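The block underneath contains the structure these notes are about, expressed in structure tokens.
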Amino acid sequence: MEKMTEELFLEAKEISKNSYSPYSKFPVGACALFENGKKYLGVNVENVSYGLTLCAERNALSNAVTKGETTGLVAIAIYSPRQKMCVPCGACLQWMAEFRRENKDVTIILEDDSGNIQTHLLSEFLPYNFKFDK
Ligand code: THU
């Protein structure tokens, strides 16, 4: 396995410990890699008003935008101790599409059902995404 793939996965795993998920008890961690080599972390943050919950992936991407990244998403690793193949929700897939490099896919790194690290593509989970022509 590629060293970077494992590194991103392990960072997502480590940061999942900071998840604030007292309601679902479903911690999630995410680590996003941009083409300049920078990595951004996120965890899910829940609220007593359940619908206000923020997903780990979108928090990682928000963190990237806050630091000035608006394009160039190369890969994102997602980990939950509760779910082996923790596929991102549809809203997070749409967010990934927003920040990908022009005409390039995004690698999504997940643990498979046997606990091995596997790579997928954004286009596999979201073959089409919402857009509007300017
Ligand atoms: N969650 C994420 O962090 N990412 C996803 O892609 C889907 C779900 C979180 C939200 C909530 O805190 C918990 O997982 C259970 O739904």
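The values are calculated or read from the model by the stated rules, or taken from the named source; none is laboratory data. This structure is a prediction, so every number in the text was calculated from the model and none was measured. Methodologically, a virtual Cβ is constructed for each residue, glycine included, from the backbone with ideal geometry; neighbour enumeration extends over all protein chains shown. Surface areas here come from the heavy atoms of the whole protein model, side chains and all, with no ligands, DNA or RNA. Shrake-Rupley method; radii C 1.70, N 1.55, O 1.52, S 1.80 Å.
Along the chain, the longest continuous region that contains none of the GluC sites (Glu not before Pro) in a DSSP loop with at most 12 other C-beta atoms within 10 Å is 3-101. Once each part is reduced to its C-alpha centroid, what is the distance from the stretch 1-63 to the stretch 103-134 in angstrom? One Cα centre to the other: 16 Å. Only DSSP H runs of four or more residues enter the estimate; each adds -39500 (n - 2.57), and after division by the residues of the chain the mean residue ellipticity at 222 nm equals -8000 deg cm²/dmol. In the context of the full set of protein chains, residues of the stretch 2-125 present 52 Å² of accessible surface per residue (probe radius 1.4 Å, heavy atoms only). Only lysine pairs 8 or more places apart or on separate chains count here, and in the chain those with Cα atoms under 18 Å apart total 15. Each Lys and Arg contributes +1 and each Asp and Glu -1, all at the Cβ; summed about the Cα centre of the chain, the dipole is approximately 340 debye.
By its C-alpha gyration tensor, with a ≥ b ≥ c as the square roots of the eigenvalues, how is the stretch 2-125 shaped: rounded for a/c under 1.5, else prolate for a/b larger than b/c, else oblate? Note, shape of the stretch 2-125 comes out oblate. Full extension of the chain between N63 and M4 gives 19.2 nm of extra length, using 0.36 nm per residue less the Cα-Cα distance.
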